[in-house]
Amino acid sequence: MENCVFCKIVRGEIAADFVYQDEEVVAFRDQAPSAPVHILIIPCQHIPTFNDLQAAQQDLLGHLLLVAKKIARQENIQEKGYRLLMNCGRDGGQEVNHLHFHLLGGRPLSVPAYISPS
Ligand code: AMP
């Protein structure tokens, strides 16, 4: 997609601090980190949102998740823990319409509002 910022990163038209790259997936540091480790893991192909993911792409989805685990080890946050999340759509807080996981860690993360004590 011509105007997608993450597609531009994949094509090398916008600089990014890459931590992982293969033929299907790239990962780079978020430009506005909300934790000491804040990495975005994205497919090279343009998939706008989680809603657009097709059954034929389940291997790609699995690969994205395993890359996230590999990066967590690489960043030394595997043992202490981390958060892997994906925003979907406007209400989900998705700002960039190119499917991506956020990998967050390096400090204790606050308990999200949706986990309310019973
Ligand atoms: P989301 O709200 O889930 O769509 O998250 C998009 C994320 O992309 C935000 O955390 C932004 O800080 C990050 N972001 C946007 N543009 C860039 C960029 N050029 N390089 C690195 N991170 C970016």
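Numerical summary
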quantity: Leading residue by the ranking (nearest to Asp52 (Cα to Cα)) among those in the range 93-109 that are open to solvent by 30 Å² or more (accessible area, probe 1.4 Å) and within 8 Å of the ligand (Cβ to nearest atom); calculated: Asn97
quantity: Count of residues meeting criterion [in a loop (DSSP other than H, G, I, E, B), open to solvent by 50 Å² or more (accessible area, probe 1.4 Å) and touching a residue at least 12 places away in the same chain (Cβ under 8 Å)] in the range 1-11; calculated: 1
quantity: Any chance Gly62 is on the phi > 0 side of the Ramachandran plot and open to solvent by less than 80 Å² (accessible area, probe 1.4 Å); calculated: no
quantity: Filter result for the condition that a residue is in a loop (DSSP other than H, G, I, E, B) and open to solvent by less than 40 Å² (accessible area, probe 1.4 Å), over Ile47, Ile39; calculated: Ile47
quantity: Any chance Leu53 is open to solvent by less than 70 Å² (accessible area, probe 1.4 Å) and either modelled with pLDDT of 95 or more or over 22 Å from Pro112 (Cα atoms) (or both); calculated: yes
quantity: Sole residue being within 12 Å of the ligand (Cβ to nearest atom) and at negative phi, chosen from Val19, Val37, Val25; calculated: Val19
quantity: Single residue of Ile71, Ile77 found to be buried (at least 17 other Cβ atoms within 10 Å of the Cβ) and assigned to a helix (DSSP H, G or I); calculated: Ile71
quantity: First in the range 12-33 and open to solvent by less than 90 Å² (accessible area, probe 1.4 Å), second anywhere and among the polar types (S, T, N, Q) and not in a loop (DSSP other than H, G, I, E, B), Cβ under 8 Å, 6 or more apart; calculated: Val19/Gln74; Tyr20/Gln74; Ala27/Gln21
quantity: Unique residue being touching a strand residue (DSSP E or B) at 6+ places or on another chain (Cβ under 7 Å), within 16 Å of the ligand (Cβ to nearest atom) and over 16 Å from Leu103 (Cα atoms) when the list is Cys7, Cys44; calculated: Cys44
quantity: Of the criteria (1) within 21 Å of Val10 (Cα to Cα); (2) open to solvent by less than 80 Å² (accessible area, probe 1.4 Å); (3) more than 12 Å from the chain's Cα centre (by Cα), which one Leu85 fails; calculated: (3)
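The values are calculated or read from the model by the stated rules, or taken from the named source; none is laboratory data. For clarity, every value in this text was computed on a predicted model and none was experimentally measured. Counting neighbours? That spans all protein chains shown, and the Cβs are built from the backbone with ideal geometry, glycine included. Accessible surface areas use protein heavy atoms only, side chains included; no ligands, DNA or RNA. Shrake-Rupley method; radii C 1.70, N 1.55, O 1.52, S 1.80 Å.
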